[in-house]
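I have placed the structure first, in the form of structure tokens, so that the comments after it can refer back to it.
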Amino acid sequence: MQQNHSTPFMNWLQTLLFTSVLVGLGVVFVLAPKESVSEGEKRKLAQFPEFSWSAVGQGAFMKLIDDFVADNFVFRYTLSNVAVQIKQRRGWTQDDIQTFSDKSAHLSGSGTSKPPPRAAEAEAETSAKSASPSVVSQSAGELQGQTARKEHEPEGAVAPRAASAQSEVAPYQNIESVIVYKNRAVQLFGGSPQMAVPFTALMARYQQELPQTTLYFMAIPIGADYYLPSKVNKGVMREKLVIDQAVSLLPPQMRPVHAYAKLAQHSNEYVYFNTDHHWTGLGAYYAYTSFAEAAQFDPLPLSALTKKEIPNFLGTLYHRTLAPALKSNGDTVEYYKVPVQTSVKYFSSGSRQGQPTQLYAEYARGASAYGVFLGGDYPLMRITSDVKNGRKIAMIKDSYGNAFAPYLASHYEEVYVLDYRYFNGNIKTLMQQEGIQELLFAFNSYVFLSGYTVQRARGFLTNPATSIAHKSPASEAAQ
């Protein structure tokens, strides 16, 4: 039997090569610039921890070091994509239906009556833990909120986010189950009709506290009913059951906006993204026509709007699954500019002074392209139009509302956009001081079922009174 004997020289050479590779990678790791967020993964990356003897003693310091190295490993994202290409059969596949499930991806919630977290519910899950969004840096979150400002970005604008301020970063990584079917990603919906009771009870309280205000409720479907194959949902329209129950429990004076039925009529059109959890600009338009019915005005036809596009968009559900079928069926962010002149200001948390921004952040690109709508999520925005009809409305919304809000500027002299995750003021005070006559709740299905949403919206009735700085006609001249 022949034996292979390595020589001392070969042993030394192997050791030298191995050591050189390790040292070389270490040098590259140390010298390579570090990023604070992963745009592809829609989350913050671990940063080098501050040293403390207590953390060392508890073993936490080395764990944080491990996280830092893992998140900043050289060519990490490139290697991950290569691995996905090799494992194209990842997930369970049957009859062209591919299921991506992560049972360990539950976030700790604020109550027992809410469904497992999804991307469409991002606002409800981590807002309890996150700080106010930074107005310098975007809940499609502060993922894109921390990306560098573009040179051509207007002063004071928030950098676009594919998802929403800090609150949406973690939930995008905590989608429990996603179905990829016919090159489209669809989230599974797990809510039940009984879960609508707390929110509708709160709406009754709003009706009592604001008796002179016209109240609207728009339940925004995430699209599960429209696109899940019958083998998955067994023909049961779960979202419709939940939304119908919510509408049936609303106080009699509150006007429901039947967005679900309107979108169902157009579900064969481009009303939801293939790779992202949001609806498209066209989907938001059809919901706007449904709102027009409830608000009793004639909506603008599509022909009256200016359509623009941002190509090459891969959204949150692609980055959750990294499914090749989705990458080959990427999206275009379409937005429809309204034919009115507007002046827009945002108010950061705790500030009475507004900063100028734009209705459409047309510099948005890539994974941040959904940020074209309003430029991201702010605690409070005020849109002033040249309609000059004296009509004013406030909208309390999640990130779906970003694509919807611009349409309102064609029919209201002032539109106040409140993000329920970051607004900490008193809605009654705001409406009284600004002379707002109408209030719209615009939440996707998961958000209005969340106990955290109810908690936040209840606080808007009891928070300390706040106000925003009075505007002068000169400073608010339409742009």
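The residues of segment 215-266 that are over 19 Å from V454 (Cα atoms), surrounded by fewer than 17 Cβ atoms within 10 Å (Cβ to Cβ) and polar (S, T, N, Q), listed by number, are S230, Q253, Q265. Inclusion of Y378 among residues that are touching a Phe, Trp or Tyr at 6+ places or on another chain (Cβ under 8 Å) and outside any loop (DSSP other than H, G, I, E, B) is not warranted. Being at pLDDT below 95 and more than 27 Å from A196 (Cβ to Cβ) is the requirement here; does P406 meet it? The answer is no for P406. Please determine whether any residue of segment 235-248 is touching a Gly at 6+ places or on another chain (Cβ under 6 Å) and part of a helix (DSSP H, G or I). The answer is yes, given that some residue of segment 235-248 is touching a Gly at 6+ places or on another chain (Cβ under 6 Å) and part of a helix (DSSP H, G or I). Scanning segment 346-384 for residues that are out of contact with any helix residue (DSSP H, G or I) (no Cβ under 9 Å at 6 or more places or on another chain) and closer than 21 Å to M218 by Cβ gives Y378, P379. Within segment 271-286, not a single residue is surrounded by fewer than 18 Cβ atoms within 10 Å (Cβ to Cβ) and in the same structural domain as N329 (by TED's automatic domain parsing). The set of residues in segment 186-221 being over 30 Å from Q432 (Cβ atoms) and either modelled with pLDDT of 95 or more or among the hydroxyl-bearing types (S, T, Y) (or both) consists of S192, P193, Q194, M195, P221.
Of the residues making up segment 210-227, those that are under 16 Å from Q265 (Cα atoms) and of a type outside the set (G, A, S) are I220, P221, I222, D225, Y226, Y227. When A284, A259, A294, A304 are checked against the criterion of being in contact with a Lys or Arg (Cβ under 7 Å, 6 or more places away or on another chain), of a type in the set (G, A, S) and under 19 Å from H411 (Cα atoms), A294 stands alone in meeting it.
The values are calculated or read from the model by the stated rules, or taken from the named source; none is laboratory data. On a predicted model such as this, the values are computed, not experimentally measured, just so you know. With ideal geometry, Cβ positions are generated from the backbone for all residues, glycine too; neighbour counts draw on all protein chains shown.
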